[in-house]
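> Encoded as structure tokens, here's the structure I'll be asking about.
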Amino acid sequence: MSAPPITHHVLPALLREVAEATGSLEIALAVARVFADQEMYLPREPKKDHPLAKRFGLKVARLICARIGGERADGKRLTWPTASPALRAIEARELAEGGVPNREISRRLGISKRQVRRLIQGVEKGDANAGQSPDRADACCPVCGRRRRAARLVAGEDPRQLAMPEVLGPDICPP
């Protein structure tokens with residue numbers, strides 16, 4: 001089974017905007033790798049000595065600053081997020097495609113073998129319904145992943161009793 005491609009939707013909001021402004025997921029991931037957890041002022045119009053321009057070129061820096069910098073930054077320095085989950089998933093997939101066993105990937109990345117399998121298969125954490133047949137997919141809460149019994153009225157129960165999934169809706173997890 002081939003894993004779905006990683007898209008800019010898995011990135012933190014600031015890096016997602018970089019991907020949308022530049023039209024490149026690779027540039028957004030490179031910004032995350034190079035400037036992770038660093039503060040930076042983004043002017044409306046960057047000069048050639050700006051850190052973004054030095055690293056990625058003036059054209060890319062202008063695209064990013066036009067979208068994020070200037071008044072939007074409100075004169076404050078922005079802290080670049082790390083995007084480590086997306087980077088870890090990409091690294092796990094690249095290692096797996098290179099023939100590295102899951103045990104070795106697990107050791108290199110410092111994660112469990114189960115998490116390696118999930119990253120390679122493209123399963124998001126908390127998706128308890130992944131890999132289940134469609135008729136069993138609603139057996140788990142879509143929010144927290146806990147297994148739940150199907151709401152049904154048993155003969156002899158009070159007909160005024162409400163089934164919680166019907167009241168709360170499918171997106172709310174009952175306690």
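Read the figures in this text as sums done on the coordinates, not as results from a lab. None of these values were measured; they are calculated from a predicted model. Cβ atoms come from the backbone with ideal geometry, glycine included; neighbour counts cover every protein chain shown.
> When a footprinting reagent is the concern and you count Cβ atoms within 10 Å, what order do ARG107, ARG77, ARG88 take, fewest first? Spell out each step's value before the answer.
Values: ARG107 13, ARG77 10, ARG88 16.
The order, fewest Cβ neighbours first, is ARG77, ARG107, ARG88.
> Scan around LEU78 for amide H atoms under 5 Å from its own, H built in the peptide plane at 1.01 Å from N, and keep only partners 5 or more places away or cross-chain.
Here the answer is MET40, TYR41, LEU42, since their amide H atoms fall under 5 Å of that of LEU78.
> Using modelled backbone amide H atoms (1.01 Å from N, in-plane), which distant-in-sequence or interchain residues come within less than 5 Å of GLY69's amide H?
none
> Quick query: amide H of ALA36 versus all other amide H atoms, modeled in the peptide plane; which residues come in under 5 Å with a sequence gap of 5 or more or a different chain?
Sorted by chain and number, the residues that satisfy this come to none at all.
> Something else about it: Per-residue HN-Hα couplings for the range 31-45, Karplus 6.51 cos²θ - 1.76 cosθ + 1.60 at θ = phi - 60°, whole Hz, x for Gly and Pro?
So the Karplus estimates, Gly and Pro as x, are 4, 4, 5, 7, 10, 3, 6, 9, 8, 8, 8, 10, x, 5, 10 Hz.
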